[in-house]
Structure formats: C-alpha cells, structure tokens
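Visitor: One structure follows; several queries about it will come next.
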Amino acid sequence: MKVFHLSVECYPVAKVGGLADVVGALPKYQTKLGWEAAVVMPWYNRPFVRDHDFSLVHEGTFYQGSELLNYGVYKENKNTLGFELYLIKIPGKLDREEVYCYPDEGEQFIAFQHAVLNWFKEKNIIPTIVHCHDHHVGLVPFLMKYSNDYNFLADVKTVATVHNGQYQGWTHWSKAILLPAFDSWKWGLLDWDGLINPLAALIKCCDAYTTVSEGYLEELYVEANGLQHLFYDERHKSVGIVNGIDWEIWDPEIDYTLMENYGTEQAFAGKLKNKQALAQQYKINPKLPLLVFIGRFATEKGADLLPDIILNLTAEYRDRLSIFILGAGDPVIQSRVKSLVDDGIENFDVFFGYDENLAHWLYASADFLLMPSRVEPCGLNQLYAMKYGTLPIVHRVGGLKDTVIDLENDGYGVGFDGLAITEITEAIARAINFYESKKQFEGNQRKMMCLDFSWDKSAAKYISLYNQII
Ligand code: ADP
Ligand code: GLC
C-alpha cells in the first residue's frame, strides 16, 4: 500500500504556511500506521535542498505546448523526514527559490503535474493512492482518467485535500494547449464559469475529498468563492479531518529553538523565562501578559483589523498587556502596522518577515494568541499555541470553532462570534482578566498542554478513508 502526496509545499523543504506543516507530518504518521508514504514536490533552490543528499532517479522530457521540457526526479537519500521525498526539477520552470507569485505560476504547476505523471508512466509506478493537496495539483485526477498518455492510471484512487478553497488556480482556456492531450469531450470537467478551474476539476474528478476540519466542510457547502454548489453536490464523497501537530517538532519540552524548555508542570515559569529573553531584544514588558499574532498579513487572517484592535484597547487594558506581531504580506496592512510602531505605542513590537524560530519562541513566550481570521480552514497556530500553554483568542470559524472550546463552556480558550472591533477587544479583555486569576490561569495552561491534537488520530482517519475507497 503506497500513497504519493503531491504538494508544492512541505516542511522543512519549502514552507509558506500550514500546508507545508501538514504535508511534512501526515506521511510520517502514515508510515507509522504501516503504509508506505512519499511526497513529491517541485525542486526549490533552498537550504534544505542544498544541504541534503539527493540522487537523480529519473530523467525525461515532454512537450508543454510547443516547448520541450526536460525534467529530473531527485530522491532524498536518507529518508530524513521519515518518508520518501522526491523533487521534480525542470530547468527554467521548477528550479527557483520561492513557492508562489511568479508571473508564470500556472505554467509551473502544469509542468509539475505533467512531469509527475510522465515519471509514473516511464517507471511504471502504480500508486495505491494519489493524494492531491490544493489546486496546484488539482488537474492530476482529471489527467489520470482522461489524458491520452496517462489514463493507464485511471483505476488508481485519488484523494483531494482542500486546505484553502479561496484559491482555485483559475486559468484562461487559451492555456489548455499547455496540458497533456486529453479527451476533449470531457472539457466540462475542467471548467467553471468559463475558466479552467483546477480546484473544481479536482473536486469533480477525485474519489474522495477532505477538508482540514469538519467545521470548514460545512462552511464550504455554503460559501466557497463560487464553488459552494459543487462542494455540496459532491458531499457524498467528502469528509472533514482536522489537522494534527507534529510533536517531534512542536513540543516545548524538546523544542531546541527555545530559550527555556518546559513541561506542563513548569509552564508558567518556563514561559516567563522565554518572555524575559524576548524582552531583551524587543520592546515588550515581561511583567505584563503578552499577546501575539503570528501569520500572513491577509484579510483572510483578519490582519487588517490589528491596528484598530490595538488602538481600541482602552487605556485600562493597554497598560495591562504587551503585544507582539510577527508577519508579512499585504503592504497596506504592513504600513498601517508600521505606523503604530512609529507612533511609539508602549509595550508593543513587530517583526516584519518570516522567521520560523521566532514563531516557536513566540508561542513559548506568549500568554495569549490572537486569531481574528475571517476564514480558517483549520489553523495550526492555535494548536501550537495550546501545546505551548498559550491561551487562544479566536474568531469562531472553521477549524477554530472546532478546536477551541470557550472557557465559558467548560473549555480552555476564548472565542468571539463577530468581527466588530469592540467584540474582539472584549474577548481580549476577558483573557486579561482571566490571566489575573493566576491559579485558574495556570491550571488552564496545563489543561491545554495535555489536549490531544496529535497526528496519530488524524492520520488513522486518512488511512481509513483510503481503505474505504480502494
Ligand atoms: P496558513 O497556512 O493559512 O497561513 P496555518 O495556521 O495553517 O495558516 O499555518 C501557519 C503556519 O505558518 C504556522 O506554522 C505558523 O507558525 C507559520 N507562520 C505564519 N506566519 C509566519 C511568520 N511570519 N513567521 C514564521 N512562521 C509563520
Ligand atoms: C491552509 C489554511 C489553514 C490550514 C492549513 C493547513 O493554509 O488556511 O487554515 O491550517 O492550510 O491545512
């Protein structure tokens, strides 16, 4: 039994967000359950690739339109990640540093998918399951069934995981010429509203689709950036499976990036030491509780609300709180956040950019993590926060609703239902007041750290889905 995960991100090879964390962890836990698992992703000019040994296991060529592309398949020699890792390199297309945002991104994704199928064909690889993550690899199930060259894979089962339905990979029909030849009677399977829509094609052609939480699946039936009817119509093959945490990486007891490791019993003291070290580098007050935001500056994450939230915390609460923001993205949001720093707001600091180690350090130092997301298919930040004893303050949507139970309902976090600034600041105020009832707060830290958001359970659900469809 062998599953091939196709994805453009995988931690620690190339990470932009949670997709990488999932693809870097799920296969490892699947191998523990007796399946063979492999990840196939594009080759990136990045440290992991430069620092590890790879062997060229296959070379081939194919036409993308009139352009002849050469590709190489590189296998990491030592299975360092706990599963087989294959990188597809295509000079001029898949040999760059960044994962997204190149002007020819759509052509890169098509080339990646075509190369994978061509390699399978030339090496006669017949997986048990092909597992496609998000729209970047959304054309694969269609091509496995209806392309002239690759329909030898027509009986292989395919699973799609929707990490984010907002992005769909829309491509103009004029680009159809770049795809491997396919049965043109089936063009409708690629189409949505007059464009090639890889996410729609994925949902139409896969044998089963999953979302990264149950709550998000329900939401997609109602609102999915135009695909809600499709998700609803195909619901018979859908299941929500919440993401887990890779405890080999995200555990404050062994996390090598921290200034101070700690377990459940010394959580408050351990976190304080991390916070004190942070205060030596950044403008926060270690005597106050620390609230952090970690994430992409995108409206989806509610990052645009941060300046107003901070300004609207009344003086009463502002003096009882430090705030730290780690993120990058939308330049408009970034400049608004920057203007708060320039205004010299007390006990407030920011790091603009992407810094994996700083993120770990913040989960360990913080008392509260704020997630005012408008959309959150699962969200890993709140899971990491809880594992590190940090109280999540979240908008009750998608995976946040599923994983954060409010203190008022015998849970361990703080939730809010609307995105009015007053409602969010009230939720923060509730967390600050709770912090001040020290004994309960510390008890709650221990409670959160013992919650079981492990991959073991979720990986087993994926395996049981595979078994159902084969
Ligand atoms: P998404 O994938 O939508 O961005 P998730 O909550 O699933 O959201 O995952 C985000 C991941 O990216 C987490 O591992 C988080 O710690 C990390 N992350 C986000 N922004 C940054 C940043 N600026 N620096 C370091 N890590 C970040
Ligand atoms: C996407 C979603 C996020 C989810 C992640 C991993 O990036 O936005 O909510 O946690 O994928 O599944």
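The values are calculated or read from the model by the stated rules, or taken from the named source; none is laboratory data. What you see is a predicted model, and the numbers here were worked out from it, not measured in a lab. Backbone-built Cβ (ideal geometry, glycine too); neighbour counts: all protein chains shown.
Visitor: Going through Gly215, Gly165, Gly240 one at a time, which residue ends up being within 16 Å of ligand 1 (Cβ to nearest atom), touching a strand residue (DSSP E or B) at 6+ places or on another chain (Cβ under 6 Å) and either under 29 Å from Val397 (Cβ atoms) or without any contact (Cβ under 8 Å) to a residue 40 or more places away in the chain (or both)?
Guide: Details: Gly215 fails: touching a strand residue (DSSP E or B) at 6+ places or on another chain (Cβ under 6 Å); Gly165 fails: touching a strand residue (DSSP E or B) at 6+ places or on another chain (Cβ under 6 Å).
Checking each option against the conditions leaves just Gly240.
Visitor: In the range 1-40, which residue that is within 16 Å of ligand 1 (Cβ to nearest atom) and part of a strand (DSSP E or B) is farthest from the chain's Cα centre (by Cα)?
Guide: Taking the candidates together, the pick is Ala14.
Visitor: Inside the range 41-83, can you point out the residues that are part of a loop (DSSP other than H, G, I, E, B) and under 20 Å from Ile110 (Cβ atoms)?
Guide: Matches in the range 41-83: Trp43, Gly65, Ser66.
Visitor: If Val414 satisfies every condition in (1) closer than 20 Å to Ile241 by Cβ; (2) of a type in the set (Val, Ile, Thr); (3) crowded, with 22+ Cβ neighbours inside 10 Å but one, which is the exception?
Guide: Every listed condition holds for Val414 apart from (1).
Visitor: What's the number of the condition Arg396 fails, among (1) touching a helix residue (DSSP H, G or I) at 6+ places or on another chain (Cβ under 7 Å); (2) of a type in the set (Lys, Arg); (3) closer than 25 Å to Ser437 by Cβ?
Guide: (1)
Visitor: In the range 232-244, what residues are buried (at least 18 other Cβ atoms within 10 Å of the Cβ) and either outside the structural domain of Pro198 (by TED's automatic domain parsing) or under 14 Å from Pro377 (Cα atoms) (or both)?
Guide: Across the range 232-244, the qualifying residues are Gly240, Ile241, Val242, Asn243, Gly244.
Visitor: Which of the residues spanning the range 263-283 are touching a helix residue (DSSP H, G or I) at 6+ places or on another chain (Cβ under 6 Å) and without any contact (Cβ under 8 Å) to a residue 24 or more places away in the chain?
Guide: Within the range 263-283, none qualify.
Visitor: Name the single residue, out of those in the range 404-436 being part of a loop (DSSP other than H, G, I, E, B) and of a type in the set (Asp, Glu), that is nearest to ligand 1 (Cβ to nearest atom).
Guide: Asp417
Visitor: Yes or no: Tyr29 surrounded by 23 or more Cβ atoms within 10 Å (Cβ to Cβ) and either out of contact with any strand residue (DSSP E or B) (no Cβ under 7 Å at 6 or more places or on another chain) or acidic (Asp, Glu) (or both)?
Guide: Here the answer is yes, as Tyr29 does meet what is asked.
Visitor: Being closer than 17 Å to Ala115 by Cβ, of a type outside the set (Lys, Arg) and out of contact with any strand residue (DSSP E or B) (no Cβ under 8 Å at 6 or more places or on another chain) narrows it down to one residue among Glu67, Glu59; which is it?
Guide: After applying the criteria, what remains is Glu67.
Visitor: Yes or no: the range 430-452 includes at least one residue that is among the hydroxyl-bearing types (Ser, Thr, Tyr) and under 19 Å from Asn243 (Cα atoms).
Guide: No, there is no match, as no residue in the range 430-452 is among the hydroxyl-bearing types (Ser, Thr, Tyr) and under 19 Å from Asn243 (Cα atoms).
Visitor: Could you tell me whether Asp255 is acidic (Asp, Glu) and farther than 30 Å from Phe441 by Cβ?
Guide: Answer is no for this residue.
Visitor: Something else about it: Could you grab me the full set of residues in the range 1-13 that are buried (at least 19 other Cβ atoms within 10 Å of the Cβ) and away from ligand 2 (no atom under 14 Å from the Cβ)?
Guide: Listed by number, the residues that qualify are Val3, Phe4, Leu6, Val13.
Visitor: Then there's this: Would you check which residues across the range 325-375 are over 18 Å from Leu291 (Cβ atoms), modelled with pLDDT of 95 or more and in a loop (DSSP other than H, G, I, E, B) and list them?
Guide: Asp330, Gly353, Tyr354, Asp355, Arg374, Val375
Visitor: Consider Gln382 against the criteria (1) surrounded by fewer than 23 Cβ atoms within 10 Å (Cβ to Cβ); (2) within 16 Å of ligand 2 (Cβ to nearest atom): it satisfies all of them except one. Which criterion is unmet?
Guide: Checking Gln382 against (1) surrounded by fewer than 23 Cβ atoms within 10 Å (Cβ to Cβ); (2) within 16 Å of ligand 2 (Cβ to nearest atom), the one that fails is (1).
Visitor: Would you mind finding the one in Lys401, Lys439 that is more than 13 Å from ligand 1 (Cβ to nearest atom), in contact with a strand residue (DSSP E or B) (Cβ under 9 Å, 6 or more places away or on another chain) and in a helix (DSSP H, G or I)?
Guide: From the options Lys401, Lys439, the qualifying one is Lys401.
Visitor: Related question: Among the candidates Leu311, Leu288, which residue alone is modelled with pLDDT under 95 and either part of a helix (DSSP H, G or I) or surrounded by fewer than 24 Cβ atoms within 10 Å (Cβ to Cβ) (or both)? Talk me through it step by step, then tell me what you get.
Guide: On the way: Leu288 fails: modelled with pLDDT under 95.
Criteria check complete, one pass: Leu311.
Visitor: Could you list, in sequence order, all residues of the range 265-313 that are within 14 Å of ligand 1 (Cβ to nearest atom) and either of a type outside the set (Gly, Ala, Ser) or within 16 Å of Gly344 (Cα to Cα) (or both)?
Guide: Selection gives Val292, Phe293, Ile294, Arg296, Phe297, Thr299, Glu300, Lys301, Leu306.
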